[in-house]
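The values are calculated or read from the model by the stated rules, or taken from the named source; none is laboratory data. Please read these numbers as outputs of a predicted model, since none were measured by experiment. Cβ atoms come from the backbone with ideal geometry, glycine included; neighbour counts cover every protein chain shown. The accessibility values were calculated without ligands, DNA or RNA, using every heavy atom of the protein model including side chains. Shrake-Rupley method; radii C 1.70, N 1.55, O 1.52, S 1.80 Å.
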Amino acid sequence: MAKTTRIPRKAQVMESLCVACGCCVKVCPMKAISIYKGIKAVVDQKLCVGCGKCVKECPASVIEIQEVGP
Amino acid sequence: MKMWYDYLWILSLSYLILGFFNILFAWLGLICFFTPLVISVVKGTKGYCNRYCGRGQLFSLLGGRFGLSRKRDVPNWMKSKAFRYGFLIFFFIMFFQMLWNTYLVFAGAAELKQVVTLLWTFRVSWQWAYHGELLHPGAAQFAFGFYSVMLTSTILGLITMILFKPRSWCVYCPMGTMTQLICKVKNKE
Ligand code: SF4
Ligand code: SF4
Ligand code: SF4
């Protein structure tokens, strides 16, 4: 089945460039992102569904949707 | 679900408008100066940016809902540490210069100047918002100076909002950079 073989796509934050503004947190429909100690955004890979809303919102454009290995 | 703090943009907008009527309202801006610092120093988070900042909300509203943004990526230099920290330092220098000018008026060494300085360069006569209050002229000088800072950063934010993503101001906002730095130091990273 195609569904089981599809590689999951998840949000990845380029942490060193993240400004910790929290814009991504606000738009994530899965509540998958949190700001770690005011330093950077951290995505809970278990919750993320790869919708890309955070990518669009991030003012610094430091989030990418990437395929993650199984 | 919308929370009460999702409406703080109304306060930010009111603040900017009030400055056109009575410059002394500018003093209220100290709230958005100290709150982020206190939160980052005490709690070690960017709770102000993440929740309460009305200015950020205003930009996402204008650039997002009202579509006043090209929604392009900011250039790489703008998100570089060099630019962000450099802008923070520049902002600080200009801020202390403003405080110095205020001090001079308090000390009686300079006259009150009823101008709002935009982008640290353009002096706009602003007498209509000053009605010769009972307060010391120094208090008014601070109001003019502080309002200049607030209006200048709003203008910069609006420009980058239009050119890039709605909240691109947050990439180089001195308050945001400073609170992130405080968090980094406090949480040792
Ligand atoms: S891709 Fe979607 S689900 Fe994943 S973190 Fe971003 S907004 Fe949340
Ligand atoms: S929106 Fe972008 S810069 Fe802001 S916290 Fe999220 S990942 Fe970091
Ligand atoms: S970075 Fe500046 S404008 Fe953006 S949310 Fe933080 S304090 Fe507000």
**Report entry** Residue list for segment B:105-129, filter: under 18 Å from B:Ala26 (Cβ atoms), touching a helix residue (DSSP H, G or I) at 6+ places or on another chain (Cβ under 8 Å) and not small (Gly, Ala, Ser)
**Finding:** B:Val105, B:Phe106, B:Leu112, B:Lys113, B:Gln114, B:Val115, B:Val116, B:Thr117, B:Leu118, B:Leu119, B:Trp120, B:Trp126
Query raised in the report: Right, A:Ala20: under 30 Å from B:Leu88 (Cβ atoms) and either in contact (Cβ under 8 Å) with a residue 24 or more places away in the chain or away from ligand 3 (no atom under 14 Å from the Cβ) (or both) or not?
Result: no
Requested in this report: Would you mind stating whether A:Val55 is in a helix (DSSP H, G or I) and within 14 Å of chain B (Cβ to nearest Cβ)?
Outcome: yes
Query raised in the report: With respect to B:Tyr130, is the statement that it is aromatic (Phe, Trp, Tyr) and closer than 30 Å to B:Ser60 by Cβ true?
Result: no
Query raised in the report: Could you say whether any residue in segment B:16-24 is closer than 20 Å to B:Ser148 by Cα, small (Gly, Ala, Ser) and outside any helix (DSSP H, G or I)?
Result: yes
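Out of all the residues in segment A:28-70, which are among the hydrophobic types (A, V, I, L, M, F, W, C) and open to solvent by 60 Å² or more (accessible area, probe 1.4 Å)? Walk me through how you get there before you give the answer.
Of all residues in segment A:28-70, those among the hydrophobic types (A, V, I, L, M, F, W, C) come to A:28, A:30, A:32-33, A:35, A:39, A:41-43, A:47-49, A:51, A:54-55, A:58, A:60, A:62-63, A:65, A:68.
Result: A:Met30, A:Leu47, A:Val49, A:Cys51.
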Query - Output for segment A:33-52, where each listed residue is over 8 Å from the mean Cα position of the chain (by Cα) and either within 16 Å of ligand 3 (Cβ to nearest atom) or assigned to a strand (DSSP E or B) (or both) - result: A:Ser34, A:Ile35, A:Tyr36, A:Lys37, A:Gly38, A:Ile39, A:Lys40, A:Ala41
**Report entry** One residue from B:Thr179, B:Thr154 being closer than 24 Å to B:Lys46 by Cα, within 14 Å of chain A (Cβ to nearest Cβ) and touching a residue at least 40 places away in the same chain (Cβ under 8 Å)
**Finding:** B:Thr179
Report task. Residues being within 14 Å of chain B (Cβ to nearest Cβ) and either more than 10 Å from ligand 1 (Cβ to nearest atom) or among the β-branched types (Val, Ile, Thr) (or both): count how many of those fall in segment A:1-25. Result -> 12
Report task. Quickly run through segment B:77-111 and pick out the residues that are farther than 23 Å from B:Pro137 by Cα and of a type in the set (Ser, Thr, Tyr). Result -> B:Ser80, B:Tyr85
Query raised in the report: Looking at segment A:27-43, which of the residues that are within 13 Å of ligand 1 (Cβ to nearest atom) and closer than 22 Å to B:Lys184 by Cβ is nearest to the other protein chains (Cβ to nearest Cβ)?
Result: A:Ile35
Query raised in the report: If we keep just the residues of segment B:28-50 that are within 11 Å of B:Met178 (Cβ to Cβ) and more than 9 Å from ligand 3 (Cβ to nearest atom), which is farthest from the other protein chains (Cβ to nearest Cβ)?
Result: B:Phe33
Report summary line: Filtering segment B:51-79 for residues that are at the interface with chain A (Cβ under 8 Å from one of its Cβ atoms), touching a helix residue (DSSP H, G or I) at 6+ places or on another chain (Cβ under 8 Å) and not β-branched (Val, Ile, Thr) leaves a count of 5
